[in-house]
Amino acid sequence: MASYLTHLLKPWSPRLTLVRWSRYNPYYLEPETSRDAYSKTETELTPEQIDERELKKVRPIKAAVSAVTSSGFNDPLMNKFINMMMQDGKKILAKDIMNQTLEAIKRKQVEKYHKAGQMAKMEIECNPYTIFHQALENCKPVIGLASIQRGGKFYQVPIPLTDQRRRFLAMKWMITECRDNKHRRTHMYEKLSQELLAAFSNEGNVIKKKHELHKMAEANRAYAHYRWW
């Protein structure tokens, strides 16, 4: 009797399996984290999606990972920036700094909007999320330098950067600039809001650092063939 009950409960009982040492056996289904999947009607679904939806009514579903969410306010780029800004595992503090930064940007832009003329108001961006994304996009370098050894000597060779490397350098420069070059009486969110607004207008120290990297790559363009030879 006990063995019979164990056989019946086997698909439902969580245990370690050989599937990446997961506590869920293959009987469990993957969770659906896309918000658009729940808003579709049955007429908009394919036969495979209809079968999968019916299957999820009778079979258990794995718990979603903590980093995955179906919220409309989720921003993967901002989550990466918060993780890079975090120190000693204090993610709540990093999130608070980011929220205060967005609030400071909103206040400055709204104040600027009300002081501007009727024609100038159309050019002022008040959405802090748009400013954040555009500022990081302006800080991304196009080309970088790599140290390559040829004949016992190291050369700084210009190389194209991947999208992931460009995003990493933009975030790293922004965070380093706000930490190292801010006044001791200035809060982190105040300095970060200033640098984001400056980068949004293609100004500031982070933009200068990007231009300096481009000038160094241009000066070392004679060593570009060392990438292959």
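For residue 66, indicate whether it is within 16 Å of the chain's Cα centre (by Cα) and among the polar types (S, T, N, Q).
yes
Taking the options 212, 190, 195, name whichever one is modelled with pLDDT of 95 or more and in contact with a Ser or Thr (Cβ under 9 Å, 6 or more places away or on another chain).
So the residue among 212, 190, 195 that is modelled with pLDDT of 95 or more and in contact with a Ser or Thr (Cβ under 9 Å, 6 or more places away or on another chain) is 190.
Being open to solvent by less than 60 Å² (accessible area, probe 1.4 Å), in a helix (DSSP H, G or I), closer than 30 Å to residue 194 by Cβ and at pLDDT below 95 is true for just one of 77, 102. Which residue is that?
Being open to solvent by less than 60 Å² (accessible area, probe 1.4 Å), in a helix (DSSP H, G or I), closer than 30 Å to residue 194 by Cβ and at pLDDT below 95 holds for just one of 77, 102, which is 77.
Taking the residues in the range 21-53 that are surrounded by 13 or more Cβ atoms within 10 Å (Cβ to Cβ) and either over 31 Å from the mean Cα position of the chain (by Cα) or aromatic (Phe, Trp, Tyr) (or both) as candidates, determine which candidate is farthest from residue 64 (Cα to Cα).
That would be 25.
So which of 143, 148, 159, 131 is under 19 Å from residue 197 (Cβ atoms), surrounded by 13 or more Cβ atoms within 10 Å (Cβ to Cβ) and of a type outside the set (Asp, Glu)?
131
Of the conditions (1) more than 19 Å from residue 189 (Cα to Cα); (2) open to solvent by 100 Å² or more (accessible area, probe 1.4 Å), residue 88 satisfies every one except a single condition; which number is it?
Just one mismatch for residue 88, condition (1).
Just one of 165, 221 is within 26 Å of residue 83 (Cα to Cα), open to solvent by 90 Å² or more (accessible area, probe 1.4 Å) and out of contact with any Cys (no Cβ under 8 Å at 6 or more places or on another chain); which is it?
165
Being closer than 25 Å to residue 213 by Cβ and touching a residue at least 24 places away in the same chain (Cβ under 8 Å), is that true of even one residue in the range 107-128?
Step one: filter the range 107-128 for residues closer than 25 Å to residue 213 by Cβ, giving none.
For the range 107-128, residues closer than 25 Å to residue 213 by Cβ and touching a residue at least 24 places away in the same chain (Cβ under 8 Å): absent.
In the range 86-99, is there at least one residue being in contact (Cβ under 8 Å) with a residue 24 or more places away in the chain, among the acidic types (Asp, Glu) and under 29 Å from residue 201 (Cβ atoms)?
So far as the range 86-99 goes, no, none of its residues is in contact (Cβ under 8 Å) with a residue 24 or more places away in the chain, among the acidic types (Asp, Glu) and under 29 Å from residue 201 (Cβ atoms).
The values are calculated or read from the model by the stated rules, or taken from the named source; none is laboratory data. Quantities reported herein were computed from a predicted structural model and do not represent experimental measurements. Ideal geometry is used to build each Cβ from the backbone, glycine not excepted, and the neighbour counts take in all protein chains shown. The area values use the complete protein model at the heavy-atom level, side chains included, leaving out ligands, DNA and RNA. Shrake-Rupley method; radii C 1.70, N 1.55, O 1.52, S 1.80 Å.
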